[in-house]
1. Take segment A:246-262 and flag every residue that is more than 10 Å from chain B (Cβ to nearest Cβ) and either at pLDDT below 85 or closer than 16 Å to A:Asp309 by Cβ (or both).
2. Specify which of the listed residues (A:Leu276, A:Leu308, A:Leu287) is modelled with pLDDT of 85 or more and of a type in the set (A, V, I, L, M, F, W, C).
3. Yes or no: segment B:181-195 includes at least one residue that is in a loop (DSSP other than H, G, I, E, B), within 14 Å of chain A (Cβ to nearest Cβ) and surrounded by 19 or more Cβ atoms within 10 Å (Cβ to Cβ).
4. Considering only residues that are free of Cβ contacts under 8 Å to residues at least 24 places away in the same chain and not in a helix (DSSP H, G or I), look in segment B:266-301 and name the one that is farthest from A:Leu152 (Cα to Cα).
5. Restricting to segment A:255-269, count the residues that are surrounded by fewer than 22 Cβ atoms within 10 Å (Cβ to Cβ) and part of a helix (DSSP H, G or I).
6. Please work out which residue is surrounded by the fewest Cβ atoms within 10 Å (Cβ to Cβ), limiting yourself to segment B:248-258 and to residues that are free of Cβ contacts under 8 Å to residues at least 40 places away in the same chain and either in contact with an Asp or Glu (Cβ under 8 Å, 6 or more places away or on another chain) or within 12 Å of chain A (Cβ to nearest Cβ) (or both).
7. May I ask you to list the residues in segment B:72-82 that are under 35 Å from the mean Cα position of the chain (by Cα), assigned to a loop (DSSP other than H, G, I, E, B) and farther than 19 Å from B:Val268 by Cα?
8. Is there a residue being at pLDDT 85 or above, β-branched (Val, Ile, Thr), over 21 Å from A:Gly108 (Cβ atoms) and crowded, with 23+ Cβ neighbours inside 10 Å anywhere in segment A:291-302?
Amino acid sequence: MRRLIQAVPLVFGASVVTWILIHAAPGDPIVALAGEDGDAGYYAMMRERFGLDRPLHEQLFVYLGRLLQGDLGFSYRQNRSAVGVILDQLPATLLLMVPALAIATVIGISVGTLAAARKNSALDNTARTATLLGHAVPVFWLSQVLLLLFALRFDWFPVQGRNDARADYEGLRAVLDVAHHMVLPIVALVTVYVPPIMRVTRAAVIENLDEMYIRAARARGQSRRRVLIRHALPNAMLPIVTVIGSQIGFMFAGSVLVETVFAWPGLGRLLLSAILARDFAIITAMLLMLSVTIILMNLITDLVYSLLDPRVRHGT
Amino acid sequence: MALERPVALTEHAASGRGPAGSGASEHHRARWERGSWRRLASSPVAVVGLVLTVLFVLVAALASYIAPTDPFSFAGTPFERPSPKHWLGTDDLGRDVFAGVVHGARTSLFVGVAVAGASLVIGTVVGGVAGFAGGKVDDLLMRFTELSQVLPRFFLALTVVALFGPGLRNMVLVLALTSWELTARVARSGVLAVKELEYVTAAEALGSSPWRNLRTHVLPNTIAPVVALASLQVGGAILIEASLSFLGLGDPNVISWGYMLNNAQSFVRRAWWMSVFPGLAIAVAVLGVNLLGDALNDFWNPRSRTSGAAR
C-alpha cells in the first residue's frame, strides 16, 4: 500500500517530464499545422482552439487532466488518438516479446543455476563468456547477421514480415507460417534477454549456497541436487524477479530494434514511421506509456516480493 | 542490446535501506586494497578488457593515420567486395567501409566517455549533496533519483532526439541526464559512511569548515568507487547511440557505426560486408569497456556487485 502511494508522484513526474519535452521542443505546432504563411488572425484562432494561448501552468493542468482520462495526445497524421494507434500495434510486439521472455527466463534460470552449482567448471565459464558477449552485441546487428545467415544464405527461414504475403494460408497452416516467421526475431531477442537473467541467477544461487541453512540441509543428508532445487533456487527468486521486472524498458527497446530489422508489423515499425513522419504524438505517448509500465512493473515486483518473502510482508 | 538501467543485485537493498549500514567497513577495505593492483592485473578478464579498450582508444585517436580516406568520400565503385584495395569493401555510394569503421570509433568513444563523465559529475554532486545535507534535501534529491530510474533511457533519448533534432550534443545530454542514478546512490552512501568516521568528526570538532571537510576528507575517499561505477556507463551509452543512429536518428554530419548499419539495412541482400563489420566493431568496443568496467568494480565496489551493469 505504501508502495502504491509512492508510485503516484513517480507517474506524475514522468508525465511532467514528457510535457516539458513536448513544450521545450523547437518548432511551433500551429505553424506546422497551418502552414508557414498563414495570417496572424488565423494563427491566433488556431491557438485559441487548441488552448495554446493560455498560460503554461494552465496548459499543464489541461494536459494532466486529459492524461487522467486516458488521452495521451492525438496523431494528426493518422487522425486518431495516439493510444489507439499504439494499442493496435501492441499485440504484434507482444507476440514476439512474451515467448522470447518466457524462453529467456527458462534458459537463464536453469543455466544460471547449473553454472552456480558447478562454479568455475567448463559450463560455468562458457555461460559467463556467453553472457559477456550477449551484453556487448547490439541486438539489431545480431538480427541482421541472423537474417544474412539463416534467411539469405541457407534459406531456412523467411527473410522479413509476419506472414507470407503471396500464399493464402488458412487455419493451422497460417499459424505455422507466422511461427516460422517468428523464429529468427525471437532467437535475437532471447540472446539479449538471457544475459541479465542468467547473471543474476548465478550470483544469487551462489550467494545462497554459502548460507548456513544450506549446510544444515546437507548435514541432514539431503542430496546436492535437492538442496539446490528445493532450497537455494527458491531463495534466489527475489533478485531474479527484480531483474526481470526492471528490464522491461530494455526489453521493449530490444523488441523495437529487432522488429525494424525483420520488418515485423509491431511497435518498432510504428515508431520508425512516426519518426520519419515527425508524428510526435505517437513518440511521446509511447514514452509515457512505457514509463508508466515500468512504474507498474516495479510495483508488481514489490508485491511479488512480499508474497515470496514473509519478512518483507510483515515489514521488518 | 543495451538499453536500460544497470542491474545491480543490491539495487533493491540499496534503495530501501538507509544510510551507513555497510559503509565504514567497505571504505576501509577499499583503502586496504589500494595497494593490490597486482590482483587486478592478474585477472584475465581485466587484461582482455584493458587490451580491447586500449585498442579502441588508439583506433579512435589515430583514425586519420590508420585510414587516411575520408569515410564520406567516394573511394571506389559501389558494392565492391572486400579486397586488398578496400579491406572491408565499399558501400552503396562507393564509400570505403574500413574508413567508416575506423572513423566511427571516434563517435562511439566520444559519446561513451562524455556520457560517463557527465553522469559521474551529476551523480557525485546529487549524491554528495544529498548525503552531506541530509534531511529534506536528501529526501527530495533521492525522489529525483527514483524518477530518473523509471524513465526508460532508450525511449527518452529517442524522443528527445526526434523532437530536438539529431545531434551528438542532444544525445549525450539526454543520456547523461538519465544515467546518474547509481552513481548518485553510491556517492551518497559513501559520503554518509565517511561522514561518520572518527577523524572527520574530529576535524569538525577542531573547527574545520564543512566545505573543507568535504574536499579533504570525504571526496577523496568516495571518488574511486564512483568513478568505477561511472565507467560502466560507457558501454551502454555506445550501444544506445548506435541504436538511435540505426533508427536514423544519428548525427548526419559524423560517421558512426549505427549510421553505417542503418544504411546497410537496405542492402542486406546485396552487401553483407556493409552489415557485418560495423556491428563487429560495436561488439568488440563494448565488450572491451564492459570487461574493464567490471574489473574496476570488482576492485572498488566489491560489495555492490554490479552485475550486467553496462546496460
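1. Residues satisfying the conditions do not exist here.
2. A:Leu287
3. No, segment B:181-195 contains no residue that is in a loop (DSSP other than H, G, I, E, B), within 14 Å of chain A (Cβ to nearest Cβ) and surrounded by 19 or more Cβ atoms within 10 Å (Cβ to Cβ).
4. In this case the residue turns out to be B:Val268.
5. The number of residues fulfilling the criteria is 1.
6. B:Gly248
7. B:Phe72, B:Ser73, B:Ala75
8. The answer is no, given that none of the residues of segment A:291-302 is at pLDDT 85 or above, β-branched (Val, Ile, Thr), over 21 Å from A:Gly108 (Cβ atoms) and crowded, with 23+ Cβ neighbours inside 10 Å.
The values are calculated or read from the model by the stated rules, or taken from the named source; none is laboratory data. Predicted model only: the values in this text are computed from it and were never measured. Don't worry about glycine lacking a Cβ; one is built from the backbone with ideal geometry, like all the others, and counts go over all protein chains shown.
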